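S.K.: Handing you a structure now.
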There are 2 protein chains.
Amino acid sequence: MERIEQHASFGGRQEVWQHDSATLGCKMRLAVYLPPAALAGQRCPVLYWLSGLTCNEQNFITKAGAQQHAARHQLILVAPDTSPRGEGVANDPAYDLGQGAGFYVNATQEPWAPHYRMQDYVAAELPALVEQHFPASDRRGIFGHSMGGHGALVTALRHPGRYCSVSAFSPIVAPSQVPWGQKALAAYLGDEPSGWQDWDTVELIGRATEKLPLLVDQGEADEFLATQLRPELLEAACERAGHPLTLRRQPGYDHSYYFIASFLAEHFEHHVHALRA
Amino acid sequence: MERIEQHASFGGRQEVWQHDSATLGCKMRLAVYLPPAALAGQRCPVLYWLSGLTCNEQNFITKAGAQQHAARHQLILVAPDTSPRGEGVANDPAYDLGQGAGFYVNATQEPWAPHYRMQDYVAAELPALVEQHFPASDRRGIFGHSMGGHGALVTALRHPGRYCSVSAFSPIVAPSQVPWGQKALAAYLGDEPSGWQDWDTVELIGRATEKLPLLVDQGEADEFLATQLRPELLEAACERAGHPLTLRRQPGYDHSYYFIASFLAEHFEHHVHALRA
C-alpha cells in the first residue's frame with residue numbers, strides 16, 4: 001500500500017492509495033476519506049462507493065461533495081476504480097467494455113477472465129485491505145451510480161450479512177434486459193443469458209433471503225432512463241418478492257454528478273441509520 | 001447568449017452559457033447557478049466567483065459543492081472563464097500566462113492588449129449581462145481562489161460601491177512582489193512596476209475609501225504559501241490602513257478544491273450577511 005495523494009478536507013483527510021491487487025493481478029488505486037474520528041484513531045464504519053462507466057477512483061471524490069457528509073457522520077468512505085487497469089490488462093476501444101467498465105462481475109471468458117474479477121475485489125479483497133490498513137470497523141454499507149449502482153445492489157444481494165445497508169443512484173437494475181448489460185455480460189460471462197442471472201439485481205431480488213431495504217434515486221430527465229436503467233423492473237421485482245424498496249423519481253434531474261450531489265445527504269442518512277444500529 | 005449546458009441541482013439549475021463578448025472580442029463561456037427562488041422568477045443577489053490559474057468556467061461548478069449553499073441562501077452564482085479564449089487570441093505555452101491566466105487586468109502591452117481586458121469584462125460587461133438575462137438584483141458579492149482571489153479583491157477595491165461583499169481563498173495578495181504576479185503584470189502591463197500598483201491588493205488597500213470587510217482563508221500546508229501568496233503582506237497592509245480583515249490560517253489545508261469546499265459555507269454566510277442587509 002502506497003499513499004499517492006492526500007488533502008485535508010472537512011476536518012478529515014482525503015487520501016488516494018495504490019496497491020498490488022492479488023485478485024485482479026494489477027496495480028489498483030482507491031480513494032479513502034478518513035473522517036475526524038478516524039484520524040483520532042477511533043474505529044469507524046465504512047461506506048463503499050462504486051462508480052459508473054468511464055470513471056476511476058477520482059470522479060466521486062472530486063465531484064460529489066461527499067466528504068462533508070462522511071465527516072458529519074464519522075464514516076470512512078472508500079471509492080475503488082471501476083476495473084483492472086494497465087498495459088497487460090485486456091481492453092476494448094468502446095467506453096462500455098474493458099478498462100473503466102468492469103461491471104463488478106467475475107469474468108469467465110477470454111480475454112477478460114485473467115484480470116476482470118471486480119466482484120471478488122470489491123466484496124472480499126477491498127474490505128479486508130481497508131479493515132487492515134485503516135481504523136475501520138466491520139460495519140459496511142455500499143452504494144454507487146449507474147454501472148456502480150448495479151454493482152452495489154448485486155454485491156449486497158450476493159453477500160447476505162456482509163453489508164448493513166445498500167443504496168443506488170440511477171442503477172442498471174436489469175443488465176440482462178438492456179444494451180449496456182447485454183453487451184458486457186455476454187463479453188465477460190459468455191453468450192448464454194442463463195449465466196447472467198447471478199449478476200442481475202432484478203433476478204437476485206427474487207431469491208434474496210436477506211431483505212436489506214433498498215433506497216434508489218432516479219432522475220426523470222436521465223437520458224438513459226428508458227433504454228438502460230428501467231427502474232420499473234426493480235419496482236415490480238421488489239413488489240413480487242416483498243422486498244422493501246424506496247424508489248424516488250426526481251423530476252428534472254439527469255444522470256450527472258449534479259444529481260448525485262443533490263440527494264447524497266439523504267443516502268448518508270439511510271446508511272448511517274443501519275451502520276450505527 | 002446561447003445555453004450550452006443545464007442540470008437540475010439542489011432544486012435549482014446549473015447552467016453554462018456562451019456569448020460574444022464585446023469587451024474581450026471573443027466567445028466566452030460562463031457558468032450560472034439559478035437557485036429555486038430565481039427559477040420561480042424572484043430577483044436574487046448575485047455572487048461572482050473568479051477561478052485560479054489554468055481554470056475555466058467548469059472547475060468551480062464541478063468541484064466546490066457550491067450549489068447547495070447558493071440554493072439554501074437563494075443566491076445566483078456566476079463563474080466566468082479566467083481569460084479570453086480562441087484561435088485569434090494571444091497565448092503562451094506556460095500555464096501562468098495567456099489563456100487560462102488573464103489575472104483580471106486590462107492589458108496595455110502587445111500581443112495581449114486587443115483581447116486581455118478581463119477587469120472590464122468581470123466588473124462591467126458581465127454584471128450587465130447577468131442583470132439583463134437572469135432574475136438578478138443589483139446586489140453583488142465577489143470571491144475567488146488564488147489568481148481569482150487576487151481578482152476578487154482587486155475588482156472590489158477598484159470599484160467602490162459596486163460590490164456589497166468580498167472574500168478570497170488563498171489569494172495572490174501582492175502580485176507586484178511574487179513571481180506569478182511579476183511575470184504576468186510585466187507581460188500584460190509593461191516592465192515598469194509603478195504601473196502595477198493599481199492591480200495589487202496590498203497597494204490598493206492603502207488608498208481604499210470604502211472599507212469593505214475582507215474574509216480570507218489560507219491553508220497552512222499550501223505549497224504556494226511562502227512564495228506566491230504571502231498573506232502576511234495583506235495583514236500588515238490592512239493593519240496600517242485600518243481596513244477590516246478576517247484572515248484565517250487553516251492548519252493542514254492545501255491549495256486544492258478540497259480546501260475551498262471545506263470552508264465555502266462560511267464564505268456564503270459572510271456574503272449573505274452583506275447581500276441581504
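S.K.: Which chain A residue hugs the A-B rotation axis most tightly by its Cβ, and what is that distance in angstrom, to the nearest whole number?
M.R.: Its Cβ sits closest to the axis: A:65, 2.
S.K.: Still on this structure: Taking every eigenvalue of the Cα gyration tensor of chain A, multiplying by 5 and rooting it, what semi-axes result, largest first, whole Å?
M.R.: After scaling each eigenvalue by five and taking roots: 26, 23, 17 Å.
S.K.: Another question, then. How many angstrom lie between the Cα centre of segment B:115-194 and the Cα centre of segment B:39-61?
M.R.: If we compute the Cα centre of each part, the gap is 14 Å.
S.K.: Now for a separate question. With +1 on the Cβ of every Lys and Arg and -1 on the Cβ of every Asp and Glu, and nothing else charged, how large is the dipole of segment B:29-131 about its Cα centre, in debye rounded to the nearest 20?
M.R.: With only Lys, Arg, Asp and Glu charged at Cβ, the dipole is about 480 debye.
S.K.: Moving on. Counting other Cβ atoms within 10 Å, which GluC sites (Glu not before Pro) in segment B:209-277 have at most 15 and lie in a DSSP loop?
M.R.: The qualifying sites are B:210, B:220, B:223.
S.K.: Take every residue in peptide A:249-259, count the Cβ atoms of other chains within 10 Å of its Cβ, and give the average of those counts. Write out the running numbers ahead of the final one.
M.R.: Details: counts 0, 1, 1, 7, 3, 4, 1, 6, 4, 11, 3.
For this peptide, the per-residue mean of nearby foreign Cβ atoms is 4.
S.K.: If the cut-off is a Cα-Cα distance under 16 Å, which lysines reach residue B:63, setting aside same-chain residues fewer than 8 apart in sequence?
M.R.: The qualifying lysines are A:63.
S.K.: While we're on this one: Please give the residues from segment A:1-49 for which the solvent-accessible area of heavy atoms, probe 1.4 Å, is smaller by at least 40 Å² with all protein chains in place than with the chain isolated.
M.R.: Buried-area filter returns A:7, A:8, A:10.
S.K.: While we're on this one: Give me the percent of accessible area attributable to carbon and sulfur for segment B:37-117, probe 1.4 angstrom.
M.R.: 47 percent
S.K.: Continuing with this model, one more query. State, to one decimal in nm and shortest first, how far the label point of residue B:40 sits from each corresponding label point in the other identical copies (label point: 7 angstrom along Cα-to-Cβ).
M.R.: When each copy's label point is compared with this one, the spacings are 4.0 nm.
S.K.: So what are the three principal axis dimensions of the protein assembly as shown from its Cα atoms, in whole Å, longest to shortest?
M.R.: 76, 46, 44
S.K.: Could I ask something else about it? Give the interface area between chains B and A as buried accessible surface, both sides summed, probe 1.4 Å, in Å² to the nearest 100. Before the final figure, lay out the partial values.
M.R.: Values: alone 10720 and 10700 Å², together 19820 Å².
Summed over both sides, the interface buries about 1600 Å².
S.K.: Continuing with the same structure: In whole Hz, what ³J(HN,Hα) sequence does segment A:106-116 give by Karplus (6.51, -1.76, 1.60; θ = phi - 60°), x for Gly and Pro?
M.R.: Going residue by residue, I get 9, 6, 10, 9, 6, x, 8, 3, x, 10, 7 Hz, with x marking Gly and Pro.
S.K.: With viscosity set to 1.002 mPa s and temperature to 20 °C, compute the Stokes-Einstein D of segment A:10-120, Rh being the Kirkwood radius across alpha carbon pairs; µm²/s, no decimals.
M.R.: 145 µm²/s
S.K.: Moving on to the next point. Any idea of the accessible area per residue across the protein assembly as shown, 1.4 Å probe, to the nearest Å²?
M.R.: Accessible surface, normalised per residue, equals 36 Å².
S.K.: Right, another one. Placing a label point 7 Å from Cα toward Cβ, how far apart in nm is residue A:194 from its equivalents in the other copies, listed shortest first to one decimal?
M.R.: Result, one decimal in nm: 9.1.
S.K.: Please list 3J(HN,Hα) in residue order for segment B:34-39, calculated via the Karplus relation 6.51 cos²θ - 1.76 cosθ + 1.60 where θ = phi - 60°; whole Hz, with x for glycine and proline.
M.R.: Going residue by residue, I get 9, x, x, 5, 5, 5 Hz, with x marking Gly and Pro.
S.K.: I've got another one for you. Send over the semi-axes of segment A:117-171's equivalent ellipsoid, whole angstrom and largest first, taken as the square roots of 5 times the C-alpha gyration tensor eigenvalues.
M.R.: So the three semi-axes of segment A:117-171 are 19, 12, 10 Å.
S.K.: Quick one: which residues, 5+ away or cross-chain, put their amide H under 5 Å from the amide H of residue B:252? H built at 1.01 Å from N.
M.R.: Sorted by chain and number, the residues that satisfy this are B:220, B:221.
S.K.: Sticking with this one: What are the residues whose amide H is under 5 Å from the amide H of residue B:53, where those residues sit 5 or more places off or on another chain and H is modelled from the backbone?
M.R.: The list, which skips near neighbours in sequence, is B:147, B:148.
S.K.: Using amide H atoms built 1.01 Å from N in the peptide plane, name the residues 5+ places from residue A:136, or on other chains, whose amide H lies under 5 Å from its own.
M.R.: Under 5 Å from the amide H of residue A:136 lie the amide H atoms of A:44, each far enough along the sequence or on another chain.
S.K.: Nm distances between the label at residue A:239 and the same-position labels in the remaining copies, 7 Å along Cα→Cβ, shortest first?
M.R.: 7.1
S.K.: Using a 1.4 Å probe on the protein heavy atoms, what percent of the accessible area of segment B:148-242 belongs to carbon and sulfur? Could you put the intermediate results ahead of the total?
M.R.: Details: 1680 of 3490 Å².
After summing per-atom areas, the C and S share lands at 48 percent.
The values are calculated or read from the model by the stated rules, or taken from the named source; none is laboratory data. Not measured: the values here are computed from a predicted model. Methodologically, a virtual Cβ is constructed for each residue, glycine included, from the backbone with ideal geometry; neighbour enumeration extends over all protein chains shown. Ligands, DNA and RNA are excluded from the accessible area calculation, which covers all protein heavy atoms including side chains. Shrake-Rupley method; radii C 1.70, N 1.55, O 1.52, S 1.80 Å.
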